[in-house]
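Engineer: Can you keep this structure in mind? I'll have questions shortly.
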Amino acid sequence: MSSNISTLLFDLDGTLINTNELIIASFTETLNHYYPGQYKREDILPFIGPSLIETFSSINPELAEEMIAFYRKHNWEHHDLLVTQFDGVYETIESLFQSKYKLAIVTTKKRDIVERGLKLSRLDQFFDVVVTMDDIEKPKPDPEPLLKALNALGSDPAEAMMIGDNYHDILGGKNAGTKTAGVAWSLKGTEFLQTYHPDYILNYMSDLIDILQGKTV
C-alpha cells in the first residue's frame with residue numbers, strides 16, 4: 001500500500017486553508033476595476049490555481065503586472081477577514097507532525113502572504129519547509145517546486161505524496177514522480193480532479209492518515 005510514504009507536500013490555498021472567498025473577492029475587485037461588469041463568479045473560478053502572472057497575462061499581457069499589484073493589495077487588506085480553516089485540517093496536520101512525517105508547503109503564492117496564512121491558521125509550527133513563488137522559476141505543474149521541497153527535506157519522490165485542490169498539484173506530483181491526492185472540497189469539484197487521475201481523493205483530510213496506514217478510504 002502506501003506504507004513507504006514518509007513525506008507529504010501540501011498545496012496551501014483551497015487545500016489547507018480556505019482562501020476561496022478571499023481569492024474570488026480579489027479577482028472580482030480587480031477585474032471589475034479594469035473590465036467593469038465583464039466577469040461573473042463562474043468566469044473567475046478557472047483562474048483559481050494557476051499563478052497570477054499566468055492568469056492576468058492571459059487576460060491582458062500589457063496590464064498583467066499592474067493588475068497583479070491591484071489584486072495583491074486587495075488580497076492583503078482583506079486576508080484575515082475572509083480566510084477560514086477547513087474542518088479537520090489542523091488536527092490531521094498536527095497528528096502527521098507528531099508521527100514524524102516530513103511535511104512541506106508547495107504553493108504558487110508569494111512568501112509574505114503564505115506566512116500570514118500559515119500563522120493565522122496556526123499551521124506554521126508544523127512546516128519547516130515552505131516553497132513559494134519567490135523561491136522558484138517555474139511553478140506547478142512543473143516539478144521544480146516539488147523537487148526543491150523534497151531536496152530540502154532529504155526525501156526521494158518515490159516516498160512522497162503531493163496533496164492539493166487543483167490539477168496543477170496533481171500534474172506537478174506526477175511530473176515530479178510522487179504519489180498524488182486531490183481534495184474533495186476543491187472548488188473545481190471531485191469529478192474535475194479525477195480527470196487528472198490522482199492516486200487518491202480525500203473526502204476529509206483525516207482520510208490521509210488512513211491511506212498512510214494502508215487502510216481503504
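Engineer: Tell me, please, whether a residue that is surrounded by 19 or more Cβ atoms within 10 Å (Cβ to Cβ), among the β-branched types (V, I, T), touching a His at 6+ places or on another chain (Cβ under 8 Å) and without any contact (Cβ under 8 Å) to a residue 60 or more places away in the chain can be found in the range 117-138.
Structural biologist: No, the range 117-138 has no match at all.
Engineer: Restricted to the range 199-212, and to residues that are free of Cβ contacts under 8 Å to residues at least 60 places away in the same chain and in a loop (DSSP other than H, G, I, E, B), which residue is surrounded by the fewest Cβ atoms within 10 Å (Cβ to Cβ)?
Structural biologist: N203
Engineer: For the range 174-197, which residues satisfy the criterion of being free of Cβ contacts under 8 Å to residues at least 40 places away in the same chain and either on the phi > 0 side of the Ramachandran plot or more than 15 Å from the chain's Cα centre (by Cα) (or both)?
Structural biologist: K174, N175, A176, G177, G189, T190, E191, F192, Q194, T195, Y196, H197
Engineer: Report, by residue number, each residue of the range 181-194 that is crowded, with 23+ Cβ neighbours inside 10 Å and of a type in the set (V, I, T).
Structural biologist: If the condition is that a residue be crowded, with 23+ Cβ neighbours inside 10 Å and of a type in the set (V, I, T), then V183 is the only one that fits.
Engineer: Out of everything in the range 141-173 that is farther than 27 Å from Q98 by Cβ and either out of contact with any strand residue (DSSP E or B) (no Cβ under 7 Å at 6 or more places or on another chain) or free of Cβ contacts under 8 Å to residues at least 24 places away in the same chain (or both), what residue ends up being surrounded by the most Cβ atoms within 10 Å (Cβ to Cβ)?
Structural biologist: Step by step, filter the range 141-173, then rank; the result is N166.
Engineer: Give the number of residues within the range 12-30 that are within 15 Å of D165 (Cα to Cα) and open to solvent by less than 10 Å² (accessible area, probe 1.4 Å).
Structural biologist: 6
Engineer: Here's something else I'd like to know. Take the residues in the range 169-189 that are out of contact with any Phe, Trp or Tyr (no Cβ under 8 Å at 6 or more places or on another chain) and modelled with pLDDT under 95, then tell me which one is farthest from I24 (Cα to Cα).
Structural biologist: This residue is G189.
Engineer: Next up: Tell me, please, whether a residue that is aliphatic (A, V, I, L, M) and not assigned by the TED database to the domain that holds Y200 can be found in the range 27-41.
Structural biologist: Yes, the range 27-41 has at least one match.
Engineer: When the residues of the range 56-84 are narrowed to those that are closer than 17 Å to N20 by Cβ and among the β-branched types (V, I, T), which ends up most open to solvent (accessible area, probe 1.4 Å)?
Structural biologist: Here the answer is T84.
Engineer: Moving to a separate point now. Just checking: which of the helices (runs of 4 or more DSSP H) contained wholly in the range 1-120 hold 3 or more residues that are of a type in the set (A, V, I, L, M)?
Structural biologist: Here the list reads 20-34, 52-59, 64-77, 89-98, 111-120.
The values are calculated or read from the model by the stated rules, or taken from the named source; none is laboratory data. Predicted model, so just to flag it, every value in this text is computed and none were measured. Cβ coordinates were reconstructed from backbone atoms using ideal geometry, including for glycine residues, and neighbour counts include every protein chain displayed. When the accessible area is computed, the model is the full protein with side chains, heavy atoms only, and any ligands, DNA or RNA have been set aside. Shrake-Rupley method; radii C 1.70, N 1.55, O 1.52, S 1.80 Å.
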